[in-house]
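Taking it in order: structure first as structure tokens, then the write-up.
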């Protein structure tokens, strides 16, 4: 016996977050509660580092502002360190298999955040690394976004999830809508989807959401009728109509189909809720300050694509609270995975 460990510790699924539904409602609520405490401590200057000596690989095959910032700042706040890999700075997928990369990272790091394309890649990282892995976005799921969404909804509504309603409007076939549906339904939220045919969630996601809602007392409605979906709703949520990696040639098709689902002042008024809040995962094409925003205005006359600039900047908007809460929820997630003693000890 040499005393040398030849393999990383066994993979613990409960410590990873690969897709929405991986964590029980109780685990999700515990993460949100810890995120609330961490946010208050950071603002008060009383935060105690709980990730000292922890190293996290940030494998980002897609560009990021909020997610990367949240992971890196969270690690620094908590005394840990992150090593960033973009699509050109590692061999994964091109010169080395995901399995082999996972086995290497598992011997050097304490956790992996993966942001990329195929869901099977993040699952392989978790299977073969032997360390916690967090899905920071794939084409199928965006569970860390959903955690921030839920935290923001609870802050804004100041009541339980069972008394809340949220309507996602537009292209609800995307990863953000899928994650919101499953995660919110699991906590008892009245979840509504307003999207035209061809842009609604897949049957499997709808079934997952309905099953979660049945267990929690929530509800799930998927319809093309925007007026019915938004009536009396607490939160309106939308996302861009073209996702990262998709061809810009799809714009005309998307705009033709989704233009009736653009959120503007008339949609806010139609909710009949003067306190309705607007949510967006960002980035947003709400004005002409981006290349895509300018092009949409010049070609289609849209001054703001998926949402008007007026709504985006209005008092209804809580998009930047959402953005900040990416930091606190991701921090809580890593602490729970890597430093569970801190959850019940100094961080509590």
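The values are calculated or read from the model by the stated rules, or taken from the named source; none is laboratory data. As the structure is a computational prediction, the values presented were derived from the model and not from experiment. A quick note on method: Cβ atoms are made from the backbone with ideal geometry, for glycine too, and the neighbour counts reach across all protein chains shown.
For the stretch 48-62, taking the residues that are over 13 Å from residue 92 (Cβ atoms) and either touching a helix residue (DSSP H, G or I) at 6+ places or on another chain (Cβ under 8 Å) or at pLDDT below 95 (or both), the one that is surrounded by the fewest Cβ atoms within 10 Å (Cβ to Cβ) is identified as 48.
Per-residue answers, yes or no, for (1) surrounded by 14 or more Cβ atoms within 10 Å (Cβ to Cβ); (2) under 16 Å from residue 270 (Cβ atoms); (3) in contact with a strand residue (DSSP E or B) (Cβ under 8 Å, 6 or more places away or on another chain):
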| residue | (1), (2), (3) |
| --- | --- |
| 191 | yes, no, yes |
| 195 | yes, no, yes |
| 198 | no, no, no |
| 205 | yes, no, no |
| 210 | yes, no, yes |
| 218 | yes, no, yes |
| 223 | yes, yes, yes |
| 226 | yes, yes, yes |
| 229 | yes, yes, yes |
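The criterion of at least 1 residues that are farther than 30 Å from residue 320 by Cα is met, among helices (runs of 4 or more DSSP H) falling completely within the stretch 33-140, by 98-108, 119-129.
On the basis of being in contact with a helix residue (DSSP H, G or I) (Cβ under 7 Å, 6 or more places away or on another chain) and in the same structural domain as residue 284 (by TED's automatic domain parsing), does residue 170 make the cut? For residue 170, the condition - in contact with a helix residue (DSSP H, G or I) (Cβ under 7 Å, 6 or more places away or on another chain) and in the same structural domain as residue 284 (by TED's automatic domain parsing) - is met.
Can you name every residue in the stretch 110-126 that is surrounded by 23 or more Cβ atoms within 10 Å (Cβ to Cβ) and within 16 Å of residue 60 (Cβ to Cβ)?
If we filter the stretch 110-126 for residues that are surrounded by 23 or more Cβ atoms within 10 Å (Cβ to Cβ), which is where we start, we get 111-115, 122, 125-126.
Those that are surrounded by 23 or more Cβ atoms within 10 Å (Cβ to Cβ) and within 16 Å of residue 60 (Cβ to Cβ): 111, 112, 113, 114, 115, 122, 125.
Tell me, yes or no, whether the stretch 161-173 has at least one residue that is part of a helix (DSSP H, G or I), at pLDDT 95 or above and more than 30 Å from residue 196 (Cα to Cα). Checked against the condition, which is being part of a helix (DSSP H, G or I), at pLDDT 95 or above and more than 30 Å from residue 196 (Cα to Cα), the stretch 161-173 yields no hits at all.
Look at residue 143 and say whether it is surrounded by 24 or more Cβ atoms within 10 Å (Cβ to Cβ) and touching a helix residue (DSSP H, G or I) at 6+ places or on another chain (Cβ under 9 Å).
Criteria met by residue 143.
Considering the stretch 186-228 alone, what residues qualify as being in a helix (DSSP H, G or I) and more than 26 Å from residue 242 (Cβ to Cβ)? Correct list: 186, 207, 210, 211, 212, 213, 214, 215, 216, 228.
For residue 158, the criteria (1) at positive phi; (2) without any contact (Cβ under 8 Å) to a residue 60 or more places away in the chain; (3) touching a strand residue (DSSP E or B) at 6+ places or on another chain (Cβ under 8 Å) hold in every case but one, which is (3).
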